[in-house]
Amino acid sequence: MQKQAPRLISRQNVRILDAMKEFEHYIRKRIRHIYRKSLIFPVVFLVLLIALYFWTNISSVVFPQPIGTASNKAYGTVDLEDLRFTGYTETVFGAVNGYYYYTIKDNACYLVLLSPQTCEQGLPFISYAMIRCKLTPLSETQQTVLASLSKDLDWTESGIKSSFAPLYFNEPDYHYTATVVLFVLMIIFGAHALYDIITALLYIRFPHMSPMIHPLSKFGNAKVILERAEEELLTLPQLATDDLFITEHYFIGVTDRTVAVIPIREIIWVYKHSTLHKFLWYHFSISYTLSITARKHIYIHFPKNTKTDIDGIIDYLSEANHKILVGFSEENRLQVQAMQGTPLQLDKFLAFFKRRI
């Protein structure tokens, strides 16, 4: 049996196949790429929040548990009895931060620093107090207090230091309100980061559900419209720039941050406006923004394009749909306002918060 000769593929056909391969599921690939990049910040932020949560052990401050003298907990609540004022205070920037007391607990003497509110500005004796506090090692300041107290009680300095525990109960350093506020903020920011991660993963899995494609649901089934736009883009666009494409029935915009797909028959107004870029007094470039208004109050803008590219896009769209208004003018603005049925500027203001390209 005679073998069939192999088919030869020309270089032109190879280029066409490569181009078709590049545009296969192009829109969905771009959406997935954008949301994969958007995952970086919330993931890193959430990891840092979790690390901060465990490193600071903030939950023990917000939800304090009773601490004993042999406990390894730094923060918690403690019941104290028969507190006696030493006569010494701690000041911070000239204001009294706390009052030093001493008491006996579990057969050991403890130094206690109470807040002014708890001890009512230095009561000489407190029979009972339950406080939220930080269990802190004695520092040079507390050692000085003990040395002064030994003279007042006619004790030796070494004797009083050996009688007192190496830790003391510090109530002013237990910043409960500030810690609770920080804890709530961590929960809010963490929940927001987790929400961003979940939604990004959802849009990576189902690109047609993303906010970029969702506006298409105003014109029908967004998933079906997206598939049709990709099919037309696969057969090579009729007009293309670096990030803007026009197929037989769709306008497609793809940038590093977003994607837009609009049926050409739904576009009602297109225009361009220029932006002058300058540094101090030197004008170094001009960029152009393509603005498109579609029915159902859809407004999109593609900045930083060249005048030639935008003029080509506008010319092609106006030829593909003769009902499209071209150019920015008061007459066109009023016509669009009449077609949309509500004040144009209000719609643009609301749309700004819903979608920005």
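Some notes on this structure:
- Residue-level check: of (1) at pLDDT below 85; (2) open to solvent by 60 Å² or more (accessible area, probe 1.4 Å); (3) of a type outside the set (K, R); (4) not in a loop (DSSP other than H, G, I, E, B), P6 misses just (4).
Quick grid of which residues meet (1) over 30 Å from R36 (Cα atoms); (2) open to solvent by less than 20 Å² (accessible area, probe 1.4 Å); (3) modelled with pLDDT under 90; (4) part of a strand (DSSP E or B):
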{"position": "F251", "(1), (2), (3), (4)": "no, yes, no, yes"}
{"position": "R265", "(1), (2), (3), (4)": "yes, no, no, no"}
{"position": "F302", "(1), (2), (3), (4)": "no, yes, yes, yes"}
{"position": "Y316", "(1), (2), (3), (4)": "yes, no, no, no"}
{"position": "L350", "(1), (2), (3), (4)": "no, no, yes, no"}
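- Where a residue in the stretch 320-331 is assigned to a helix (DSSP H, G or I) and its partner, wherever it lies, is surrounded by 11 or more Cβ atoms within 10 Å (Cβ to Cβ), with Cβ under 7 Å and at least six apart: A320/I264
- Members of the stretch 94-109 that are closer than 25 Å to Q65 by Cα and either open to solvent by less than 20 Å² (accessible area, probe 1.4 Å) or free of Cβ contacts under 8 Å to residues at least 40 places away in the same chain (or both): G98, Y99, Y100, Y101, T103, I104, K105, D106, N107
- Candidates L236, L226 - the one that is among the hydrophobic types (A, V, I, L, M, F, W, C), over 20 Å from S318 (Cβ atoms) and surrounded by fewer than 19 Cβ atoms within 10 Å (Cβ to Cβ): L236
- Number of residues in the stretch 112-136 that are open to solvent by less than 30 Å² (accessible area, probe 1.4 Å) and at positive phi: the value is 1.
- Within the set A178, A191, A165, A147, the sole residue that is without any contact (Cβ under 8 Å) to a residue 24 or more places away in the chain, surrounded by fewer than 17 Cβ atoms within 10 Å (Cβ to Cβ) and under 16 Å from V112 (Cα atoms) turns out to be A147.
- When the residues of the stretch 150-162 are filtered to those that are assigned to a helix (DSSP H, G or I) and either under 16 Å from L114 (Cβ atoms) or not small (G, A, S) (or both), the one that is most open to solvent (accessible area, probe 1.4 Å) is K151.
- Test set (1) out of contact with any helix residue (DSSP H, G or I) (no Cβ under 8 Å at 6 or more places or on another chain); (2) closer than 30 Å to L201 by Cβ; (3) open to solvent by 30 Å² or more (accessible area, probe 1.4 Å) - S139 fails condition number: (2)
The values are calculated or read from the model by the stated rules, or taken from the named source; none is laboratory data. Every value quoted in this text rests on a predicted model; they were computed, and no experiment measured them. Neighbour counts are summed over all protein chains in view; Cβ atoms, including those assigned to glycine, are modelled from backbone coordinates with ideal geometry. Side chains included, ligands, DNA and RNA excluded: accessible areas come from the protein's heavy atoms. Shrake-Rupley method; radii C 1.70, N 1.55, O 1.52, S 1.80 Å.
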